[in-house]
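Below is one structure, written out as structure tokens, with a few remarks after it.
The values are calculated or read from the model by the stated rules, or taken from the named source; none is laboratory data. Treat the numbers as computed from the prediction; the structure is a model and nothing was measured. Glycine gets a Cβ as well: all are built from the backbone with ideal geometry, and neighbour counts include every protein chain shown.
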């Protein structure tokens, strides 16, 4: 899709960054809203606690520096993969470089 429809991808990235700004401005509200669309993520208090921890960690991945909203930092993705492996959220190693691209944010 990226190679075939780059303008569509740019539009999606622009909309995503708009939502990300709102999410970073009020992460607790964003998590609350996300549970409305993925209620299975909040079946019980333990699940809510785990998913909120994942949510909070993922938010850190969206910026390499304060001035570069949306850029993904390769080291942060490496930490996230290790976290998800350790937490049992993924059962095989994932190459962090396969999880993101900064091509459309720059």
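Of 34, 67, which residue is at pLDDT below 90 and at negative phi?
It is 67.
For region 99-106, does any single residue satisfy the condition of being more than 19 Å from residue 16 (Cβ to Cβ) and free of Cβ contacts under 8 Å to residues at least 60 places away in the same chain?
No, region 99-106 contains no residue that is more than 19 Å from residue 16 (Cβ to Cβ) and free of Cβ contacts under 8 Å to residues at least 60 places away in the same chain.
Residue by residue through region 1-35, note down the ones that are in contact with a helix residue (DSSP H, G or I) (Cβ under 8 Å, 6 or more places away or on another chain) and farther than 21 Å from residue 47 by Cα.
Correct list: 1, 2, 22, 24.
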